[in-house]
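Asker: Shown below is the structure under consideration.
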Amino acid sequence: MHIVSLAGGIGGARFLRGLRETSPDARITVIGNTGDDITLFGLRVCPDLDTVMYTLGGGINEEQGWGRTKETHVVKEELAAYGVEPQWFGLGDRDFATHIVRSQMLEAGFPLSQITRALCARWQPGVELLPMSDDRCETHVVITDERGRRAVHFQEWWVRLRASVPAESIALVGVDGAKPAPGVLEAIEEADVVILPPSNPVVSIGTILQVPGIREALLPKTVVGVSPIIGGAPVRGMADACLTAIGVETTAQAVLDLYGAELIDGWLVAPEDSGVRLDGVRVVARPILMRDPETGADVAADIARGALDLALELAR
Ligand SMILES: O=c1nc2n(C[C@H](O)[C@H](O)[C@H](O)CO)c3cc(O)ccc3cc-2c(=O)[nH]1
């Protein structure tokens with residue numbers, strides 16, 4: 001069985017760990033969001049690809065959800081001592097090594113897809129991790145602050161401002177000329193089912209779907225999504241700020257409507273959202289929180305199993 005999944009950062013990575021656990025014999029191809037990527041300190045940072053790679057490869061800082069476990073921050077402190085900006089973005093020493101390797105390879109002319117494969121050779125995530133595109137596209141956010149109306153990189157809005165300033169619009173700069181990375185369309189074409197984890201529907205899944213050709217390739221496939229919204233609030237992160245920016249309500253219904261029945265065949269929602277409906281979509285209500293609210297145990301594999309079972313049933 002070949003499963004394709006589109007993924008953002010923390011939530012997507014934890015879901016994928018569950019998916020791999022629940023279907024150890026399946027071939028899993030992950031198409032990762034690269035709209036969050038940024039060049040800092042002369043290095044190319046790909047937060048979502050790294051979060052998936054470290055989470056599935058056993059190197060993630062579990063509490064934080066991003067960056068490396070057993071991390072130290074000597075380089076960050078030294079850069080700060082020189083007054084180097086930005087100081088609001090924290091790269092740890094171990095993580096720096098990943099960025100040095102990636103940036104060296106980019107400088108030598110390798111495409112991001114090949115570099116990602118080289119990095120994954122160390123981490124062995126147990127899935128094939130592909131960037132959505134080898135072409136550089138970056139998410140920028142228009143805000144108005146004390147410096148007036150301006151566009152800032154997504155990371156500045158997300159990390160420095162904690163999405164506290166309303167996003168007036170969100171744009172994926174460079175997407176018009178971007179092509180899916182090698183292997184992306186082929187993986188979708190060959191997939192038995194496609195699963196959308198509860199990643200951010202605007203700046204993670206929505207970004208991947210904007211790469212010309214990806215959404216179109218998914219339309220004939222059986223696609224099952226897990227709602228990133230439970231009872232009117234994001235499962236994690238600040239998805240509500242992103243949805244508001246594009247004029248979409250923070251509800252499981254509105255996110256399903258945004259993706260549309262053309263794309264989605266099955267939609268997992270939490271029991272409190274059991275009233276969600278869309279013609280042509282099978283909606284299943286069941287617990288979808290990846291951590292058990294009582295014990296705190298990781299139950300991502302149960303949710304991934306629920307999504308996969310629904311997809312396999314609909315694909316028949
Ligand atoms: O909130 C933060 N998130 C950080 N993140 C997470 C990241 O900015 C976002 O959560 C994602 O881009 C959204 O998916 C990092 C991710 C990396 O791969 C590497 C470094 C960072 C650094 C930070 C940070 O300093 N603060």
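The values are calculated or read from the model by the stated rules, or taken from the named source; none is laboratory data. Bear in mind the structure is a predicted one, so any value in this text is a computation, not a measurement. Heads up, the Cβs are rebuilt from the backbone with ideal geometry, glycines too, and the neighbour counts pull from every protein chain shown. Surface accessibility is based on the protein's heavy atoms, side chains included, excluding ligands, DNA and RNA. Shrake-Rupley method; radii C 1.70, N 1.55, O 1.52, S 1.80 Å.
Asker: Whole number in Å², please: accessible area per residue of the chain, 1.4 Å probe, ligands, DNA and RNA not counted.
Answerer: Using a 1.4 Å probe on heavy atoms only, each residue of the chain averages 43 Å².
Asker: Continuing with the same structure: What part of the accessible area of the chain, given as a whole %, is carbon or sulfur when the probe is 1.4 angstrom?
Answerer: 50 percent
Asker: Give the accessible area for T250 in Å² (nearest 10); use a 1.4 Å probe, count only protein heavy atoms, and leave out ligands, DNA and RNA.
Answerer: My reading of the accessible area for T250 is about 30 Å².
Asker: Tell me the mean residue ellipticity at 222 nm calculated for the chain from its helices only (DSSP H runs of n ≥ 4, each -39500 (n - 2.57), averaged over every residue, nearest 500).
Answerer: After summing the helix terms and dividing by residue count, I get -10000 deg cm²/dmol.
Asker: On a full-extension model of 0.36 nm per residue, what is the gain between A151 and R316, subtracting their alpha-carbon distance, rounded to one decimal in nm?
Answerer: 54.8 nm
Asker: Restricting to bridges with both residues inside the chain, how much of the DSSP beta-bridge set is antiparallel, in percent to the nearest 5?
Answerer: Beta bridges within the chain, antiparallel portion: roughly 45 percent.
Asker: Next up: Treating only the Cβ atoms of Lys and Arg (+1) and Asp and Glu (-1) as charged, compute the dipole magnitude of region 141-230 about its Cα centre; round to the nearest 20 debye.
Answerer: 400 debye
Asker: I would also like to ask the following. Could you order Y54, Y82 so the one with the most accessible surface comes first? Probe is 1.4 Å.
Answerer: Heavy-atom accessible area, descending, gives Y82, Y54.
Asker: Moving on. Using the basic label-point model (7 angstrom from Cα toward the beta carbon), what is the E21 to D240 distance in nanometres?
Answerer: Modelled inter-label distance: 2.9 nm.
Asker: Extending each Cα 7 Å along its Cβ direction at A108 and R162, get the distance between those two points in nm, one decimal.
Answerer: A separation of 4.1 nm, rounded to one decimal place.
Asker: Sticking with this structure for a sec: Stretched out fully, how many nm does the piece from R215 to T39 gain, at 0.36 nm a residue minus the Cα gap?
Answerer: Using 0.36 nm per residue and subtracting the Cα-Cα distance, I get 60.6 nm.
Asker: Still on this structure, please answer the following. Calculate, for E186 and D298, the FRET efficiency according to 1/(1 + (r/R0)^6) with r their C-beta to C-beta distance and R0 35 Å; round to the nearest 0.05.
Answerer: The computed FRET efficiency comes out at 0.65.
Asker: Could you tell me which of A191, V52, A297 has its Cα farthest along the dipole of the chain towards the positive end, charges placed at Cβ (Lys, Arg +1; Asp, Glu -1), taken about the Cα centre?
Answerer: V52
Asker: A follow-up question, please. What does the extension gain come out to for R291 and E262, with contour length at 0.36 nm per residue minus their alpha carbon separation?
Answerer: 7.4 nm
Asker: With charges set only on the Cβ (+1 for Lys and Arg, -1 for Asp and Glu), what does the dipole of the chain come to about its Cα centre, in debye to the nearest 20?
Answerer: The calculation lands at about 300 debye.
Asker: Residue farthest toward the positive end of the dipole of the chain, with Cβ of Lys/Arg at +1 and Asp/Glu at -1: which of P131, A167, V202?
Answerer: Final value for the positive-end residue is P131.
Asker: To the nearest 10 Å², what's E156's accessible area with a 1.4 Å probe?
Answerer: For E156, the solvent-accessible surface is approximately 40 Å².
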